[in-house]
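Reading through the structure tokens given below for one structure.
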Protein chains: 2
Amino acid sequence: MRETRAINELRERAGKAGKSLVLGIGDDCAVFERDSKRFSLWCQDMIVEDTHFRRGDGYKNIGRKSVAVNISDIAAMGGVPEYISVSIGLPENASVAVFRKIYDGILEICGEYGIALAGGDTVRSGKMVIDVSMTGTVFKRQLMRRSGAKSGDLVFVTGPVRNGKTEHLSFRPRFDESRFLAENYTPSAMIDTSDGIAPDIRRLCEESGTGCRLYEQAIPLSSGLDAVEALYYGESFELLFTMSRRKAERLFTDKRLRAGCPFFIIGEMTGEKKGLKLIRAAGRVENLKAEGYRHFG
Amino acid sequence: MRETRAINELRERAGKAGKSLVLGIGDDCAVFERDSKRFSLWCQDMIVEDTHFRRGDGYKNIGRKSVAVNISDIAAMGGVPEYISVSIGLPENASVAVFRKIYDGILEICGEYGIALAGGDTVRSGKMVIDVSMTGTVFKRQLMRRSGAKSGDLVFVTGPVRNGKTEHLSFRPRFDESRFLAENYTPSAMIDTSDGIAPDIRRLCEESGTGCRLYEQAIPLSSGLDAVEALYYGESFELLFTMSRRKAERLFTDKRLRAGCPFFIIGEMTGEKKGLKLIRAAGRVENLKAEGYRHFG
């Protein structure tokens, strides 16, 4: 299925946001009016056996991941998570011990981030599936969307792209980085790289009405990955964001980051609509293809 | 898996409701403080291919059902639905047309009940799975929980129990009935019969600290069902509620119900903890077993 096409069509059909819904389909979270200073956030990410994990990955790890991917979505909007509701599908022969281990992982990470479990559903399913729905809150002045990037802004990523194949279960959502940015710099746009840098920068460009140029040699790599893999590996859950050069200068001289800046410039936004370019190491300019890593292949 | 045991254990582990969470695991919806007059409601029900539907049931019908089961949960608390977020798992080879038909059903029923689509997720999954998370609102004085029934209250069900095998896709959630009751009578306790009358009256009794006596001959039947099937068929989504005899007298002389009362008395609550009894047609008193209909069997 051509997911982008289907989602764009659905967005049209769902109609304009209304009543208290400020922002519906098309960002990492839906955004609702809350009070004079804050919005409420709502996101939902489903993970499925053999697509996002294998049963041998460990039930506790799988439970953790189901929550972590949603924390990443809340962080990508500059928010703080509050509550989750969890639907779990388990094979009929699954034991209570399996259920308990999944919730060991869920409740552990909830404890780390101050999230409370509000409810959910447990059903019978041939393959395991966990769908977490998460609410959060964000100060209005700290909300970061996909749509605010401007031509000339620099493009950043948080830390060397993690290897989605080996680190997709154990990753730490970039929550602290999001707090630091939201409170001190409010990037012009932000998204998490759940599908990979290339497909996700495309989304950010589409929403912002800009193009971009990414520098292959600037992409920070974790061991065992090359730059092309780093562009297309999904399940890495870094934050990808943009910021004016003026703010970027301030960021790179920020004394609080003396221990080492966890943010890496990988390119810049351009005024060229639909112009996604990759500047290769040899200086060749290529069109940046947006296809993401297809999970387990 | 012994679901009841696992859920009860999880409820302990999740800890006390706190902050704005008034009521967590253990009812049809989680309940949150909203303002001086209203609570917010949050529920989430997952439906899985070959457990809750078959692919041949029609994609639009399946989409409708995924929302209807959640409306039933909101109605069971006396509330009105507001927003949904939808996670869908589809086989890799599913076409955009399939996605569109599922959303035809989702958006159709959303339109009928004034619900707005806020967001969600679409992922790859061997078997189809749809998980809808729904928010709603309820006036504080109209909230109906599972826990308010008292010894001596009468037990009601809305309409003849539907045949879960044939009507599980096309059912209309008992929303109008819930509105009528919430606005005029506020039953002492309410639950929807998603698992069947017997397992769900047990939940209501457990939460209320009561027992009950159900009369086999009083259970209204749709054609093709006997009373025992009606007790154990899940996927029927009637409302099961309790009310004092005084209120019940008023209900049965209510002029607004002249066209025929859609509520049927099927028994009464007793003070006997863990005493669930079924009075058979011949007058024999049996213990009411709580096992529900195991969906497709």
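The values are calculated or read from the model by the stated rules, or taken from the named source; none is laboratory data. Small disclaimer: the values here were computed from a predicted structure and weren't measured. Note that each Cβ is placed from the backbone with ideal geometry, even for glycine, and that neighbours are counted across all protein chains shown. Calculation scope for accessible area: heavy atoms of the full protein, side chains included, ligands and nucleic acids excluded. Shrake-Rupley method; radii C 1.70, N 1.55, O 1.52, S 1.80 Å.
State the antiparallel share, in %, of DSSP beta bridges confined to chain B, rounding to the nearest 5.
The antiparallel proportion sits near 75 percent.
About its Cα centre, how strong a charge dipole does segment A:114-255 have in debye, to the nearest 20, once Lys and Arg get +1 and Asp and Glu get -1 at the Cβ? Once rounded to the nearest 20, the dipole reads 500 debye.
Quick check: at a probe of 1.4 Å, how many percent of the accessible area of segment B:38-97 sits on carbon and sulfur atoms? Carbon with sulfur: 43 percent of the solvent-accessible area.
Packing, as the average of other Cβ atoms within 10 Å across residues, places the peptides A:207-218, B:132-143, B:219-230 in the order B:132-143, A:207-218, B:219-230, highest first. Of the residues B:C110, B:V129, B:F99, the one whose Cα sits farthest towards the positive end of the charge dipole of segment B:99-142 is B:V129 (charges of +1 on Lys and Arg Cβ, -1 on Asp and Glu Cβ, taken about the Cα centre). Shape index of segment B:20-61: Rg/Rh, with Rg the Cα radius of gyration and Rh the Kirkwood radius from the inverse mean 1/r over Cα pairs, equals 1.25.
Of A:N93, A:N287, A:N61, the residue with the greatest mean-square motion in the GNM of chain A, using alpha carbon springs below 10 Å, is A:N93. Between identical copies, the spacing of A:A282 label points, each set 7 Å from Cα toward the C-beta atom, reads 9.1 nm from nearest to farthest.
In this structure, the residue pairs whose Cα-Cα separation is over 19 Å, taken from A:K150/A:K277; B:K101/B:K127; B:K150/B:K255; A:K60/B:K19, are B:K150/B:K255; A:K60/B:K19.
Measuring max minus min along each principal axis, the C-alpha atoms of chain A give extents of 57, 47, 45 Å (largest first). Solvent-accessible area per residue for chain A at a 1.4 Å probe radius, Å²? Counting only protein heavy atoms, the per-residue value for chain A is 40 Å².
Ordering A:F32, A:T51, A:N61 by Cα displacement along the dipole of segment A:23-108 toward the positive end leaves A:N61 in first place; charges were set at the Cβ atoms of Lys, Arg (+1) and Asp, Glu (-1).
For B:K65, a cut-off of 13 angstrom between C-alpha atoms picks up these aspartates and glutamates, skipping any fewer than 8 places away in its own chain: B:D45, B:E49, B:D57, B:D73, B:D104, B:E108, B:D131, B:E167, B:E235.
Hydrodynamic analysis of segment B:174-226 uses the Kirkwood radius over alpha carbon pairs. Inserted into Stokes-Einstein at 25 °C and 0.890 mPa s, it gives a translational diffusion coefficient of 189 µm²/s. When Rg and the Kirkwood Rh are both derived from Cα coordinates, the Rg/Rh ratio for segment A:54-191 amounts to 1.03. Counting only DSSP H runs of at least 4 residues, each contributing -39500 (n - 2.57), and dividing by the residue count of chain A, the helix-based mean residue ellipticity at 222 nm comes to -9000 deg cm²/dmol.
First select every other residue whose beta carbon is under 10 angstrom from the beta carbon of B:S244; then total the charges, Lys and Arg +1, Asp and Glu -1.
+3
In this assembly of identical copies, the label point of A:R245 (Cα plus 7 Å along Cα-to-Cβ) is separated from its counterparts by 8.6 nm, sorted shortest first. What the Cβ-Cβ distance of B:E33 and B:R11 gives, at R0 = 25 Å and to the nearest 0.05, is a FRET efficiency of 0.80. Label point of B:K150 (7 Å along Cα→beta-carbon): distances to the other copies' equivalent points are 6.5 nm, sorted ascending. Peptide B:87-97 shows a mean partner chain C-beta count of 4 within 10 Å per residue C-beta.
Peptides A:242-249, B:114-121, B:50-57, A:183-190 ranked from most to least packed, by the mean per-residue count of other Cβ atoms within 10 Å: B:114-121, A:183-190, A:242-249, B:50-57. Computed from protein heavy atoms with a 1.4 Å probe, the total accessible area buried between A and B is close to 4900 Å². Its alpha carbons considered, segment B:1-134 gives a radius of gyration followed by a Dmax of 16.2, 50 Å.
DSSP H helices in chain A with Cα extent of 20 Å or more along the helix axis and mean Kyte-Doolittle hydropathy at least 0.5? Long hydrophobic helices here: A:96-113.
Around the Cα centre of segment B:203-296, unit charges on the Cβ atoms of Lys, Arg, Asp and Glu (plus for the first two, minus for the last two) sum to a dipole of about 460 debye. Counting only other chain Cβ atoms within 10 Å of each residue's Cβ, the peptide B:110-116 averages 2.
Please report the antiparallel percentage of DSSP beta bridges with both residues in segment B:149-297, rounded to the nearest 5.
Within segment B:149-297, antiparallel bridges account for around 80 percent of the total.
In terms of its Cα atoms, the protein assembly as shown spans 90, 45, 39 Å along the principal axes, sorted from long to short. Each Lys and Arg adds +1 at its Cβ and each Asp and Glu adds -1 at its Cβ; summed about the Cα centre, segment A:26-82 shows a dipole of about 280 debye. Take each residue of peptide A:40-47, count the partner chain Cβ atoms within 10 Å of its Cβ, and average: the result is 6.
Per-peptide packing, taken as the mean over residues of other Cβ atoms within 10 Å, places A:79-85, A:280-286, B:277-283 in the sequence A:79-85, B:277-283, A:280-286 from highest down. What the Cα convex hull of segment A:149-297 gives, in volume per residue, is 110 Å³. An oblate overall shape is assigned to segment A:196-265, the ratio a/c of its alpha-carbon gyration tensor axes (a ≥ b ≥ c) being 1.5 or greater and a/b not exceeding b/c. Candidates B:I197, B:A248, B:V161 compared by Cα position along the dipole of segment B:154-297: farthest toward the positive end lies B:A248, with charges placed on Cβ.
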